[in-house]
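The values are calculated or read from the model by the stated rules, or taken from the named source; none is laboratory data. Note that the structure is predicted; figures quoted are calculated from it, not measured. Backbone-built Cβ (ideal geometry, glycine too); neighbour counts: all protein chains shown.
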Ligand SMILES: CC(C)(COP(=O)(O)OP(=O)(O)OC[C@H]1O[C@@H](n2cnc3c(N)ncnc32)[C@H](O)[C@@H]1OP(=O)(O)O)[C@@H](O)C(=O)NCCC(=O)NCCS
């Protein structure tokens, strides 16, 4: 089990399959995650569960609170131990848990495990251009926008861009030093540093988004980044005013 402040990441057990059946049939979730929005039977979910243990390129964990409430799943897929790369994916199926920082905590915890225990060098992810929450999630966890696959995904009558994100081990450790190394920093210094960093990140995202706006092929992704950046900037200003 992998632990962080508020979460435990557990291997998925048979008792978790009911939640997965519900989430797999939640069409909004599957759309946001870029999965084919097809109804799944309980046999499909059972088959998915059986395949988990025989796929060495995939590590999937149940995201649970410390009280055992099951919120969603996080995974490494395409695990390539020779190159030290893996793709990360996340779904928080319980909507009431959205927007509390738990997605970011799970991503950081998984990256800590990937870079620390699996000795990965690079973790990457993709988001759809119509999912500003996921864009913000990866951006705030330090992932860099590495490219855009233009109009690569078809959904609800339109083509969407796929944004590609990557995080290298040195970038992760620079922002997430091991626990013991920053104990001396006072809380107020930490929050000020956090809010400065958050504004800086938001401005970077807005600038990057604006660059993309001028190109008709990347304009949709650019607009999503500007929107996510402006939302973040507003929050960072309000945090710093407190
Ligand atoms: C994406 C997902 C994992 C995020 O989990 P979460 O627990 O809500 O994430 P967090 O609370 O850590 O971060 C979400 C951020 O998005 C921000 N956000 C929410 N809605 C937003 C919007 N419309 N525009 C911009 N930012 C937005 C939140 O304010 C928060 O940023 P902040 O910490 O700067 O305030 C979760 O919403 C989910 O599972 N969604 C459905 C499936 C999905 O999209 N998976 C990702 C596929 S790549």
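Values computed for the structure shown
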{"read-out": "Any hit, region 125-139, residues being assigned to a helix (DSSP H, G or I), within 14 Å of the ligand (Cβ to nearest atom) and either farther than 24 Å from residue 233 by Cβ or at pLDDT below 95 (or both)", "value": "no"}
{"read-out": "Condition check for residue 36: out of contact with any strand residue (DSSP E or B) (no Cβ under 8 Å at 6 or more places or on another chain), within 16 Å of the ligand (Cβ to nearest atom) and assigned to a loop (DSSP other than H, G, I, E, B)", "value": "yes"}
{"read-out": "Breaking point among (1) within 23 Å of residue 105 (Cβ to Cβ); (2) at pLDDT below 95, for residue 37", "value": "(1)"}
{"read-out": "Meets criteria (closer than 27 Å to residue 170 by Cα, in a strand (DSSP E or B) and touching a residue at least 24 places away in the same chain (Cβ under 8 Å)) for residue 107", "value": "no"}
{"read-out": "For residue 117: the one exception among (1) within 20 Å of residue 3 (Cα to Cα); (2) touching a residue at least 12 places away in the same chain (Cβ under 8 Å)", "value": "(2)"}
{"read-out": "Region 68-92, subset under 20 Å from residue 5 (Cα atoms) and assigned to a loop (DSSP other than H, G, I, E, B), residue farthest from the ligand (Cβ to nearest atom)", "value": "68"}
{"read-out": "Number of positions in region 65-81 that are touching a helix residue (DSSP H, G or I) at 6+ places or on another chain (Cβ under 9 Å) and more than 15 Å from residue 111 (Cα to Cα)", "value": "5"}
{"read-out": "Given (1) surrounded by 14 or more Cβ atoms within 10 Å (Cβ to Cβ); (2) touching a strand residue (DSSP E or B) at 6+ places or on another chain (Cβ under 6 Å), number of the condition residue 131 does not satisfy", "value": "(2)"}
{"read-out": "Search result, residues across region 213-239 that are touching a strand residue (DSSP E or B) at 6+ places or on another chain (Cβ under 7 Å) and part of a helix (DSSP H, G or I)", "value": "220, 221"}
{"read-out": "Pairs, first under 25 Å from residue 95 (Cα atoms) and without any contact (Cβ under 8 Å) to a residue 24 or more places away in the chain in region 33-54, second in a helix (DSSP H, G or I) and away from the ligand (no atom under 16 Å from the Cβ), C-beta under 9 Å, six or more apart", "value": "38/44; 40/21; 40/48; 41/21; 44/21"}
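Here is a yes/no grid of residues against (1) more than 13 Å from the ligand (Cβ to nearest atom); (2) in a helix (DSSP H, G or I):
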| site | (1), (2) |
| --- | --- |
| 5 | no, no |
| 10 | yes, no |
| 17 | yes, yes |
| 22 | yes, yes |
| 29 | no, yes |
| 40 | yes, no |
| 43 | yes, yes |
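Results for (1) outside any strand (DSSP E or B); (2) farther than 22 Å from residue 31 by Cα; (3) at pLDDT below 95; (4) under 16 Å from the mean Cα position of the chain (by Cα), shown as yes or no for each residue.
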| site | (1), (2), (3), (4) |
| --- | --- |
| 142 | yes, yes, no, yes |
| 145 | no, no, no, yes |
| 172 | yes, yes, no, yes |
| 196 | yes, yes, yes, no |
| 203 | yes, yes, yes, no |
